[in-house]
């Protein structure tokens, strides 16, 4: 694909991570065609290694596009800085629903009063959606520090744990739903979707993170396909007698 204009929905989007500017790529997605948005956008902390993080311009610009592509009665879920939390509600077309807290005992997040050990995912809604599964609003991630227990170090400045994203997906989405992450970074949303039988669309502007995310999803897709094949060949495998 040599240009964004040649991308066609859904064949060029579903279960792919596309390299490019999310503000341009999302315009190729039709209205009311995505079941949920789960993302970790640049939110103005000027974090080293994160593009467009100097302020909230990109976030504010993509909000109306996310609202447009999201189906009625669906959820928009975003990580956000507690430092700038009031700004999350400015010019926001979505309605606030709830928040999910990730406690990271071995990590730390900068706050106005020093360092805290939790991250915040804020849940918004379009219309009046129903949750898919009763859950909880506080989760603990171990070990933290950009390490996945089954993968090791993730070479990204702010990767979110796929276990935590899986819990979010269980509560607010269903199998075969299409999940959009316009700022997919290290690819955790895509990996969580693969593991929970959801479809995903990911955008990433940084080539090095795009390659990281693609490598992760290829590894997990192959592992998932092998495990599925093993179950089909031996349906009793792993069952206790």
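Laboratory data are not the source of any read-out in this text; all were calculated from the coordinates shown. Here the structure is a predicted model, which is why all the values come from computation and not from measurement. As a convention, Cβ positions derive from the backbone with ideal geometry for all residues, glycine included, and neighbour counts pool all protein chains shown.
What FRET efficiency do you get for residue 176 and residue 61 if R0 is 41 Å and r is their Cβ-Cβ distance, rounded to the nearest 0.05? Present the calculation step by step, with values, prior to reporting the outcome.
Details: r = 30 Å, r/R0 = 0.73.
Computed FRET efficiency for residue 176 and residue 61 comes out at 0.85.
How much of the pair distance distribution for the range 129-228 lies past 19 Å, counting alpha-carbon pairs only, in percent?
42 percent
Got a sec? How would 38, 191 order by Cβ neighbour count within 10 Å, fewest to most?
191, 38
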Average Cα contact separation per residue, the range 10-233, under 8 Å, 6 or more apart, as relative contact order %
24 percent
Please sort 148-158, 10-20 by packing, taking for each peptide the average over its residues of neighbouring beta carbons within 10 angstrom, highest first.
10-20, 148-158
Give the distance, in whole Å, between the Cα centre of the range 136-170 and the Cα centre of the range 5-29.
26 Å
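Using Cβ counts within 10 Å as a stand-in for footprinting exposure, how do 79, 115 rank, fewest first?
Numbers: 79 20, 115 9.
So the residues, fewest neighbours to most, are 115, 79.
Take the Cα pairs of the range 10-233, get the Kirkwood Rh, then feed it into Stokes-Einstein at 37 °C and 0.692 mPa s and tell me D in µm²/s.
186 µm²/s
Given N residues in the range 161-203, what is its alpha carbon radius of gyration divided by 2.2 N^0.38 Å?
Numbers: Rg = 9.0 Å, N = 43, 2.2 N^0.38 = 9.2 Å.
Here the answer is 0.98, to two decimals.
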